[in-house]
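Everything on this sheet refers to the single structure shown next.
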Amino acid sequence: MTVSKASDGYLLTARDLATGAVRWSTKPWWPFNSVRDELPDPEIVTTGGKDYVTLSISGSPGDDALTNGAPTVRIAVYPADASGSAVTPQRTIDIPAQEPSALPSASGALLAYFGDHQAITAVDVATGKVKSYTTDEVGKTPDAKECRLCGPGNSSVGVTSRGPLIKGGRNDFWVPGAWYSPSNVPQGAEAPGGYGEMSETVTVIDDRIIAGWPAKGKDGSDSDTRMWAVHDVTTGKVKASTTCTPGESSGGSNPEDVGPAFSADHRYLVYGVLAFDLTTGKGRCMDATATDKGIVFASVDNDGTAYGHTVVADGGGASTSVSVGIGSGTISILPSGTKIPTMILENEAVYLGEDNDTYSVAVYPRR
């Protein structure tokens, strides 16, 4: 998906990844002047088994010399399987906003708009239904009997079909009225009331949550080793887990700035030095040890082969491109100069590049 600006609005163009041919394009869309001097980013949202593409801008429609316009975020929704050269939005959705405000971002099967003070609005792009959650609702702490370590400083980190996903001030997380993380402790992690904070990091990707828990250790105080678990966003149930001890890889076992990635069939999930099989429930940690270099993953194929590169301590030396069998743990060194795909689809590998603020996309079919 690419967005360009014409004299009379924004143009969205969808291309076939396998061939690069244009599959469809839109009629220029310009509902009002945007307060942001930048192109809107397209978001891919999947709900009800169907894919949609959205564009969002913010501004004050109706503002003129005599009248103050109301700050608004407007979302244009297009079906991903559209056709033609002048496609118009299937629907547009308006959300009252305050400027400056964050534009919506895809989160799970919904589009989430994060407002001031962590208030959140969930948008169902299939129906246009909008549901807002107040600051009080977002900040509400679960029942103390069920969530003994939940504390102040709550914030919204995503949205689910059952409500906002909340991260507490002590790093526990929950969906109000649906489930609490202390009721879904991974095997081998510290249970509620144990040593340390509940979870170190909470990352949302589609319908999964990745969280790092304190692992059980000697006298319950081994705070270095983490139990990393993948949770179902709807129920909080653990789908897969593995322990990981921080090493010398980039980001250690808390892989900041390394985005998670699914295989095309969503069976496998990689996140930094972590790799999970969501069918068997097994995980693998490839962080650095006293004898081995760490491996940071970028993508994973449907057969459970994860692709990434080694990381040398303190940035010294050159990294090596490798593949790892998630099930077997077998590491294969790839030929020198091999580029790791950014994502692997059913029949294609996609490579995204950036050079002097110019982005490129290269797609290669499966052999």
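Taken together, the values in this text are just the output of simple stated rules run on the coordinates, not laboratory data. Worth saying up front: this structure is predicted, and the values here are computed from it rather than measured. A quick note on method: Cβ atoms are made from the backbone with ideal geometry, for glycine too, and the neighbour counts reach across all protein chains shown.
Pairs LYS237/LYS339; LYS5/LYS129; LYS167/LYS282; LYS167/LYS339: which exceed 27 Å Cα-Cα?
Listed pairs above 27 Å: LYS237/LYS339; LYS5/LYS129; LYS167/LYS339.
For the peptides 159-167, 70-78, what is the packing order when you average, over each peptide's residues, the other Cβ atoms within 10 Å and list the highest mean first?
Ranked from most to least packed, the peptides come out as 159-167, 70-78.
Search the structure for amide H atoms under 5 Å from the amide H of ARG91, placed 1.01 Å from N in the peptide plane, and list their residues when 5 or more places away or on another chain.
The answer is VAL77.
Mind listing the long-range amide H neighbours of GLU348? Cut-off is under 5 Å, sequence gap 5 or more, other chains count too, H placed in the peptide plane at 1.01 Å from N.
Under 5 Å from the amide H of GLU348: ARG366.
Quick one: of the DSSP bridges fully inside segment 1-134, what percent are antiparallel, nearest 5?
95
Lys and Arg at +1, Asp and Glu at -1: add these up for the other residues within a Cβ distance under 9 Å of PRO61 and post the number.
-1
Apply the Karplus parameterisation 6.51 cos²θ - 1.76 cosθ + 1.60, with θ equal to phi minus 60°, to every residue of segment 32-49 and state each ³J(HN,Hα) to the nearest whole Hz, in sequence, with x for glycine and proline.
6, 5, 8, 6, 9, 8, 7, 6, x, 8, x, 10, 9, 10, 10, 8, x, x
So for each of 6-12, 121-127 I average, over its residues, the number of other beta carbons within 10 Å; can you give me the resulting order with the highest mean first?
Highest mean packing first, the order is 121-127, 6-12.
Roughly how big is segment 1-145's charge dipole about its Cα centre, with Cβ charges of +1 (Lys, Arg) and -1 (Asp, Glu), in debye to the nearest 20?
420
With each pseudo-label sitting 7 Å past Cα toward Cβ, what's the ASP51-VAL35 distance in nm, one decimal?
The two pseudo-label positions are separated by 3.3 nm.
Defining a contact as two alpha carbons under 8 Å apart and six or more residues distant in sequence, what relative contact order in percent does segment 280-341 show?
Computed over segment 280-341, the figure is 25 percent.
What's the extension gain from ASP292 to ALA80 if we count 0.36 nm per residue and subtract their Cα-Cα distance?
Additional length available on full extension: 71.9 nm.
Give the long-range amide H neighbours of ARG208: residues separated by 5 or more places, or on another chain, with amide H under 5 Å away, using H modelled in the peptide plane at 1.01 Å from N.
Counting only residues 5 or more places away or on other chains, the set is VAL233.
Could you go through segment 157-162 in sequence order and give the Karplus-derived ³J(HN,Hα) for each residue, using 6.51 cos²θ - 1.76 cosθ + 1.60 with θ = phi - 60°, rounded to whole Hz, and x for Gly and Pro?
Per-residue couplings from phi come out as 10, x, 9, 10, 5, 9 Hz.
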